[in-house]
Amino acid sequence: MRRTAYQHYIPPVVQNDLYRCGQPNELNFPFMEKLGLRCIVWLAPEEPNQNVMNFVDDQDIQLHHLGVLEGGNASDPITEDMILEAFDLVLDKRNHPMAIMCNIGRHRTGTVVGCLRKLQRWNLASIFEEYRRFAGPKVRILNEQFIELFDTDLVRIPVDSPDWL
């Protein structure tokens, strides 16, 4: 059996056809192309770099930039409105396969995924363990508090929601 270089990579899978990561670079593009992404939810306040924008255009991927903060800065925590807007996209199977991204893939992406885990009824200890695994030594207690207090009753669940919900 002939092995390819891609067999050594494990994608950052959240669920089937749902991925998470930081801003990719040119070395990541061949792997990302194999994922067949239809949609990227971009959570950082600034635009992705030009190489990412070119990749998105070349692959005909829809990019939804939700991270724009009016009068805020990059270290401000994610908002409830941003989470709900992200869920409108994430819970729509027509957007899959999709990726949730921010610059590094730690805090904003981790908060969205943590709230998704809460929606999936994971226990808080497991949610925080996953958040901390991706955040490393840069854990933000405010993000964990946001996840803990997030009201899942605010989320509109589509009739045809993904099987993993």
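The values are calculated or read from the model by the stated rules, or taken from the named source; none is laboratory data. Since the model is a prediction, treat every value here as computed from it, not as a measurement. As a convention, Cβ positions derive from the backbone with ideal geometry for all residues, glycine included, and neighbour counts pool all protein chains shown. All accessible areas refer to the heavy atoms of the entire protein, side chains included, with ligands and DNA or RNA removed. Shrake-Rupley method; radii C 1.70, N 1.55, O 1.52, S 1.80 Å.
How many Å² of accessible area per residue for the chain, probe 1.4 Å? For the chain, the solvent-accessible area averages 57 Å² per residue.
What the phi angles of region 51-65 give under the Karplus curve with 6.51, -1.76 and 1.60, with θ = phi - 60°, is a coupling list of 5, 5, 4, 5, 4, 4, 5, 4, 8, 6, 9, 6, 10, 10, 8 Hz, glycine and proline written as x.
The charge dipole of the chain, taken about the Cα centre with unit charges on the Cβ atoms of Lys, Arg (+1) and Asp, Glu (-1), comes to about 840 debye, rounded to the nearest 20. Stretching Asp151 away from His65 to a fully extended chain increases their span by 28.7 nm, per 0.36 nm per residue minus the current alpha-carbon distance. Relative to the dominant Cα principal axis of the chain, helix 124-135 is inclined by about 50°.
Against the criterion of solvent-accessible heavy-atom surface with a 1.4 angstrom probe, Glu85, Glu144 sort, most first, into Glu85, Glu144.
With the convex hull constructed from alpha-carbon coordinates only, the chain shows a mean projected area of 10.8 nm² over all directions. The residues Trp122, Trp164, sorted by heavy-atom accessible surface at 1.4 Å with ligands and nucleic acids left out, run Trp122, Trp164 from largest to smallest.
The stretch between Leu165 and Asp58, if pulled fully straight at 0.36 nm per residue, gains 35.4 nm over its current Cα-Cα span.
Under 20 Å Cα-Cα from Lys93, which lysines qualify once same-chain neighbours fewer than 8 residues away are excluded? Within reach: Lys34, Lys118.
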